Every structure is written in C-alpha cells, then in structure tokens.
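Computed from the coordinates by the stated procedures, all read-outs in this text should not be read as laboratory data. The shown structure was predicted, so the numbers you read here are calculated from the model rather than taken from an experiment. Because the Cβ atoms are built from the backbone with ideal geometry, glycine has one as well, and the counts that use them run over all protein chains shown.
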Amino acid sequence: MECVAGDAREDAPYAAALGGRKADLLLTDPPYCLLTRRRKGGDLREPKGRKVEREPAVRFESVREYRAFTREWMERALPRLRGDRPLVIWTNFLGQTPILEAARALGYGERWGEFAWGKRSRASGGNEQLVRLYEVALVIGRVRKRALELTDPPECWAAVTGYDDEDEGDEWGAHPHHKPFSALEPLVRAYSRPGDLVLDPFAGSGSISVAAARLGRAVACMEVRPEWASLVSRRLAR
C-alpha cells in the first residue's frame, strides 16, 4: 500500500489511489475550520512556544472560504463511494455546519450521529484528570442508518484517550492531526467490515490508514504534501 501525493480537490490523485475501485467508507481528517489570526491592523499573529516548532495548521480567512474548500474536495471524493456507504469526517466545532451543508448539497443529508474524542490532560498529581473535548467525527449518510447492515452505535458516543497512547505520534513526525489507534478503531469497526476499502483523502501522517490496515481493511489514501505522503507509505509498509 502506498499513499499518493496529491490534492484532494483534484481528480488525478483519486484515480491513482483507487485504480477504478469504489470505496466502502470515507474516513478522513481534513484541515479544521481554523481562522487566520490577525491583529487589529491586519498583520498576522505569530504562534508561540511549541506551536512554532510543529508544522503550522492550515488556516482560512473566513468560514465562507472553509465552506468553499469543503465543497471542492467533497465534489471529488463522494462520487468515489460505493452505493450508500457513509462518510466519517473529523472536524472541530466551527467546521461542523460547513461540512454538513456541503454533504447535504451533494446528496448526503442524513446525520447518523457524532463521535467525540476526549483527550486526557497530563497528570497533575491529583485524583482527577481533565478531558479536553475539541474534535468530533461527524457520521453522515445518504440513506437512513437502519438501511445498511452495519454496527449501530449510539447517536452520540465517545472515546477518551491520551494524545499519543501508542507512542506513534512523535515517531511519525508529530503531525498536528495525529490521532491514536484507540480513537480510530471504534469508527473503523463500526462503519466498515474486514476487507472493505477505506478512502482517506487527507492522510497526514497516516493515522487513519494505518488503523484501517491493522483492522484488515484495504486502504486508498492521498496527502497534499509529498514529504508526508512518503512518510505514510513507509509507515504502511512497516
């Protein structure tokens, strides 16, 4: 398995990744709806601390720009799904409405639910741990959930994990959108079967693709940054 270097808003990477096949599940983690930080005069705000060391997250000038971006990649990705199989799309809270609107306009108007990822804070020495809830995976279908023979989780469900429970995040580049296997396994199991083909147009460092492969699914993935696409291919090979 290899990760194709290409833009999810173009047709060519899908043709290269899928080879004419249709995917059984779209499970992906696109850039979140993060808005550009500017000072009152319009100058960009500089990130501080650890954020300077890590690759910067993609930012958008407005929610309208993010909505257009979402529509662009969905117009390419959704026709690559087989039948009435679902979409599982990670996002932050600001991105939920643009994603749901774009999906609805393309025929995916059934919101099956959402899966929340609660990230444990670092231990502080007390008897309690704080959980930071920032990211959710929207589950969206073309038809009602009962129409497919898939696992039927609750409309709202969650996993609580550390950022890097399997110690793979730093090893594979500390990508801003890294997710541990424990936060992805429930989604792969619930919305696909062994042998199914999982499509991820935003591979990042390969968290989703590797989780799907470990669970016996075939993988078709792409990543816009060639250096990350190469890293994902190496990770899948291992």
query = Between A68 and Y134, 0.36 nm times their residue separation minus their Cα-Cα distance comes to what?
reply = 21.5 nm
remark   = Taking a crude spin-label model, label points 7 Å out from Cα along the C-beta direction, the R234 to F93 distance in nm is 3.8
query = Extension gain L18-V160, at 0.36 nm per residue separation less the Cα-Cα distance, in nm?
reply = 47.9 nm
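Could you compute the net charge surrounding P154? Neighbours are other residues with a C-beta less than 12 Å from the C-beta of P154; K and R count +1, D and E count -1.
On the way: positive: K145; negative: E114, D152, E155.
Residues near P154 contribute -2 overall.
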ask   = What is the gain in length, in nm to one decimal, between D152 and A116 on full extension, counting 0.36 nm per residue of separation less the C-alpha to C-alpha distance?
value = 11.4 nm
